[in-house]
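One structure is given here, and the rest of the page talks about it.
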Amino acid sequence: MGSCHPGCGHPEEVSSPIRSSLPLGDPFMKTALLRNRDFLAGLLFIALGCAGWIVALSYPFGSLQEMGPGFFPRVLGVVLIGFGLTTAWRGLRNQCVIQGAWGVLPLAKLSLALVAFGWLMEHAGLLPALVTLIVVSASAGNGVRLKVMGWSPPL
């Protein structure tokens, strides 16, 4: 089992005496892949690339000199698949395990920020929508204080 790459954010390798004594086909490998952040990010890139490529099949491709509407989505899909394969391979080599659990509240705040942005763009304009997007998205993070951003919510 290799160590995490420098950008992984984990100071030390996750290991146990039980894992080190088991052969490569041990049952811990399945759960390790589901908690490996680079591998999961690679799978996400591959899925998005495949989805974009499949949707683009219904548009004419064209040629390099006369690109059709399906040219860019297909090329972008292939590039995303390539990035996904590279990232997943890196995850298989480095074994960086996700620590902690899903943050339901931050995920809900980010979703709310996007929905509010879309609604406010239609009904209030760009400036209120953008301010709402920034403030609500920033409040989803751990270390973000709204007073540091120059705004204090009313009590």
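Any read-out appearing in this document is the output of simple, stated calculations on the displayed coordinates, not a laboratory observation. Quick caveat, the model's predicted, so the values are computed rather than measured. Neighbour counts run over all protein chains shown; Cβ positions are idealised from the backbone, glycine included.
The alpha carbon centroids of the range 54-77 and the range 84-98 are separated by 30 Å. Here the peptides 47-53, 116-122 are ranked by packing, the mean other Cβ count within 10 Å, and the order with the highest first is 47-53, 116-122.
Under 5 Å between amide hydrogens, built in the peptide plane, is the criterion, and for residue 62 it picks out 68 among residues at least 5 positions away or on other chains.
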